[in-house]
Structures are given as C-alpha cells and as structure tokens.
Amino acid sequence: QVQLVESGGGLVQAGGSLRLSCVASGITFSINAMAWYRQAPGKQRELVATISSAGSTNYADSVKGRFTIARDNLKNTVYLQMNSLKPEDAAVYYCHPERFQYRGAWGQGTQVTVSS
C-alpha cells in the first residue's frame, strides 16, 4: 500500500522560505519520478515541480527560480525548497509518484500559508 507523508508546511511571511518533505513507502522510490502539486481553496490542483528518477527537474513557470525540488533515494524522500514565497503560493502541497499505477495515491498534504 502506498503511503505519502508530507510535512514542513506552516505560516511564513511573504519573502520567506519553507522546506517541504515527503516520505514515500509502498513504492520502489528510486525508479519513480516524483512531483509536488498544490491546491488552493476553490482552485484545481496544479503541478508545481517534478523530478525524474535520474534527477532531472521541471517547474511550473510560476515557481521557476524560487522553488527547488530534490530527492534522497536512500531516505525515500522528496523535498521542495521554497524561497521568496508569495501570498499566491499559499495552498495545500502534496507529493505524488508520477506513475499511472499510483494515480490515486495522495497523502494528507501540508498546508502552506503566506502572509503579506
């Protein structure tokens, strides 16, 4: 059974930083691309960043240059370093293994609140 446990969210002032973590179990972590998504109230879930099994990364235009995704295969953990946070970054953030067989696997998410 796939389990995804996100942590690291919180309240931060605009311009501040947070580092999110997600520990995955029940999957062969090292061979899976991983992604961070976010969902703000009243909005659809959106893709924020992805990292391939080889470490290649991609970002949504809205976070390029401010967010960094990384992974530690020994710890089955994916990270999202978020700098220069803006109020529009406020959302619940989720990690997700990017493989069709895991399409329904979501954790509880971690709340990020950015005050202006």
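Please go through the range 1-55 and pick out each residue that is open to solvent by 30 Å² or more (accessible area, probe 1.4 Å), within 12 Å of A105 (Cβ to Cβ), outside any strand (DSSP E or B) and in contact with a Ser or Thr (Cβ under 9 Å, 6 or more places away or on another chain).
Residues satisfying the conditions are Q1, V2.
Could you run through the range 103-116 and say how many residues are open to solvent by 30 Å² or more (accessible area, probe 1.4 Å) and over 14 Å from the mean Cα position of the chain (by Cα)?
Filtering the range 103-116 for residues open to solvent by 30 Å² or more (accessible area, probe 1.4 Å) gives 103-104, 106, 108, 111, 113, 115-116.
With the extra rule that they be over 14 Å from the mean Cα position of the chain (by Cα), the set shrinks to 103-104, 113, 115-116.
Of the residues in that region, 5 qualify.
Just checking, how many residues over the range 56-91 are assigned to a strand (DSSP E or B), closer than 14 Å to V112 by Cα and open to solvent by less than 30 Å² (accessible area, probe 1.4 Å)?
4
Going residue by residue through the range 88-95, is there one that turns out to be on the phi > 0 side of the Ramachandran plot and over 12 Å from the mean Cα position of the chain (by Cα)?
Scanning the range 88-95, I find no residue that is on the phi > 0 side of the Ramachandran plot and over 12 Å from the mean Cα position of the chain (by Cα), so the answer is no.
Test of understanding: among S30, S53, which residue is on the phi < 0 side of the Ramachandran plot and touching a helix residue (DSSP H, G or I) at 6+ places or on another chain (Cβ under 6 Å)? Spell out how you get there, then give the answer.
Working: S30 fails: touching a helix residue (DSSP H, G or I) at 6+ places or on another chain (Cβ under 6 Å).
On inspection, the qualifying residue turns out to be S53.
Would you check which residues across the range 97-115 are assigned to a helix (DSSP H, G or I) and either touching a residue at least 60 places away in the same chain (Cβ under 8 Å) or among the small types (G, A, S) (or both) and list them? Please lay out each step first, then the result.
Step one: filter the range 97-115 for residues assigned to a helix (DSSP H, G or I), giving 100-102.
Y102, the sole residue that qualifies.
The values are calculated or read from the model by the stated rules, or taken from the named source; none is laboratory data. Here the structure is a predicted model, which is why all the values come from computation and not from measurement. Please note: Cβ atoms are built from the backbone with ideal geometry, for glycine as well, and neighbour counts cover all protein chains shown. Just the protein is used for accessible areas: all its heavy atoms, side chains included, with ligands, DNA and RNA removed. Shrake-Rupley method; radii C 1.70, N 1.55, O 1.52, S 1.80 Å.
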